[in-house]
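Student: This is the structure, below, for whatever I ask next.
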Amino acid sequence: MWPFRQKKPEIEQRAAFPSVTAEYLTHRQSALTLDGSAALSATVATAAGMWSRGFTMLDPAPDAGPLTPGVLASIGLDLALRGQSCWHVRIEGNELALHRVAYWDHVAPGRFHLHLARPNETETVRALAAEVMLLTINSAAETPWVGRSPFTMMGGSPRLMADIKGAIANAMDYTGRGLLPFPDTVPEEQQAAAIRGLKAGGSLAAIRSKADFSTNVGQSRGQEFRRVDLTPDLRQADLNPAVDGLHHRVLAAAGIPPALVTGSGNAGAMREAYRLFVLQTVEPMAPQLAPEFAKVGVTGMSSASMMASDTAGKARSVGALVKAGVDLKRDMKLVGWADD
């Protein structure tokens, strides 16, 4: 046997399918931009942002401790999108610290397996219930340990909103495009140059024969040089009323008055909607979450910072109380403008 037999090079299996990686990346890109379960629609993102910013402005009492504004913002975002937020309570130095948990398992009553995302790994921690701050809202009777997002409770409205936006985005690919015929007498190199120019300019030259064009399109030979527009007609779908109605319903189901994000610019309506959002959406959740907040020494949540900027509303309240005969000093205390 020849001792210097040449070894065949190993063939990379993926080389047999050179387009697999490109197709996978294209699919992932389209999923992240068009799929409602992966990418948020503007309405869902608006609601989630309102929850996150609302929790950021809450005032923990008597001391914030580890509930920093960043932690509160993450809690609001988790509650809006997942219906629950889980944190691992640790002692770092002489202070409590909260670490955000990506996902968790209930292995036994009062026992958890926590999974914390890290840049290069996932940290798994076994913890007792006293070490875990698990905030849950909208629980069902059959699964009281699992929270539900407002978007889960409202059914398919958020997904329908994303589907409509995805349909419009798909239609935009054909906007400005069309078919343009080429006579058979045009040389091949000129046809190639014309096709490149048409593609760059937004039109698509797809038919090269006069006869084929007149046969396929069904036009007479006198009209065979007319450009056929491929731009879709979305007027028949009448999407604007459907989108506006879905937008308002999704916001209302998430606890956000639609007037708060209206485009009309009515400042008075927006102020009243802001008060309604604070008093009926953000504040009622604080007592519900109080047992879990108590694990880090927080006994209450106040919306004083959120309402402090509403000077016009407080001034009207003081004026109404004074007219009703209430002492001015007491009025100032009731609206939060007195220190004692």
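The values are calculated or read from the model by the stated rules, or taken from the named source; none is laboratory data. Note that this is a predicted model, so its numbers are computed, not measured. We place every Cβ from the backbone using ideal geometry, glycine too, and count neighbours over all the protein chains shown. Heavy atoms of the whole protein, side chains included, go into the accessibility calculation; ligands, DNA and RNA do not. Shrake-Rupley method; radii C 1.70, N 1.55, O 1.52, S 1.80 Å.
Student: Answer yes or no as to whether Leu134 is of a type in the set (A, V, I, L, M), in contact with a helix residue (DSSP H, G or I) (Cβ under 9 Å, 6 or more places away or on another chain) and under 27 Å from Val44 (Cα atoms).
Tutor: yes
Student: Let me ask you something else. Filter segment 149-198 for residues that are open to solvent by less than 60 Å² (accessible area, probe 1.4 Å), aromatic (Phe, Trp, Tyr) and either at pLDDT below 70 or more than 30 Å from Thr43 (Cβ to Cβ) (or both) and give the result.
Tutor: Selection gives Phe182 alone.
Student: Would you check if there is a residue in segment 309-318 being more than 30 Å from Arg148 (Cβ to Cβ), open to solvent by less than 60 Å² (accessible area, probe 1.4 Å), modelled with pLDDT under 80 and touching a helix residue (DSSP H, G or I) at 6+ places or on another chain (Cβ under 6 Å)?
Tutor: Yes.
Student: How many of the residues making up segment 137-147 are closer than 17 Å to Trp104 by Cβ and either in contact with a Lys or Arg (Cβ under 9 Å, 6 or more places away or on another chain) or aromatic (Phe, Trp, Tyr) (or both)?
Tutor: Residues meeting the conditions: 4.
Student: Take segment 119-134 and flag every residue that is under 20 Å from Arg82 (Cβ atoms), out of contact with any Gly (no Cβ under 8 Å at 6 or more places or on another chain) and of a type outside the set (Ser, Thr, Tyr).
Tutor: Answer for segment 119-134, where residues must be under 20 Å from Arg82 (Cβ atoms), out of contact with any Gly (no Cβ under 8 Å at 6 or more places or on another chain) and of a type outside the set (Ser, Thr, Tyr): Glu123, Val125, Ala127, Val132, Met133, Leu134.
Student: Restricting attention to segment 244-257, which residues are open to solvent by 40 Å² or more (accessible area, probe 1.4 Å) and more than 13 Å from Leu276 (Cα to Cα)?
Tutor: Listed by number, the residues that qualify are Asp244, His247, His248, Arg249, Ala253.
Student: Consider only pairs whose beta carbons are under 8 Å apart and that are at least six residues apart or on different chains; among these, list those whose first residue lies in segment 48-73 and is more than 21 Å from Ala294 (Cβ to Cβ) and whose second residue is in a loop (DSSP other than H, G, I, E, B) and open to solvent by 30 Å² or more (accessible area, probe 1.4 Å).
Tutor: Ala48/Leu40
Student: So which residues in segment 249-258 are in a helix (DSSP H, G or I) and closer than 17 Å to Gly49 by Cβ, if there are any at all?
Tutor: Hits for segment 249-258 are Val250, Leu251, Ala252, Ala253, Pro258.
Student: Which residue, of Leu276, Leu321, Leu289, is at pLDDT 75 or above, surrounded by fewer than 16 Cβ atoms within 10 Å (Cβ to Cβ) and in a helix (DSSP H, G or I)?
Tutor: Result: Leu276 is the single residue among Leu276, Leu321, Leu289 that is at pLDDT 75 or above, surrounded by fewer than 16 Cβ atoms within 10 Å (Cβ to Cβ) and in a helix (DSSP H, G or I).
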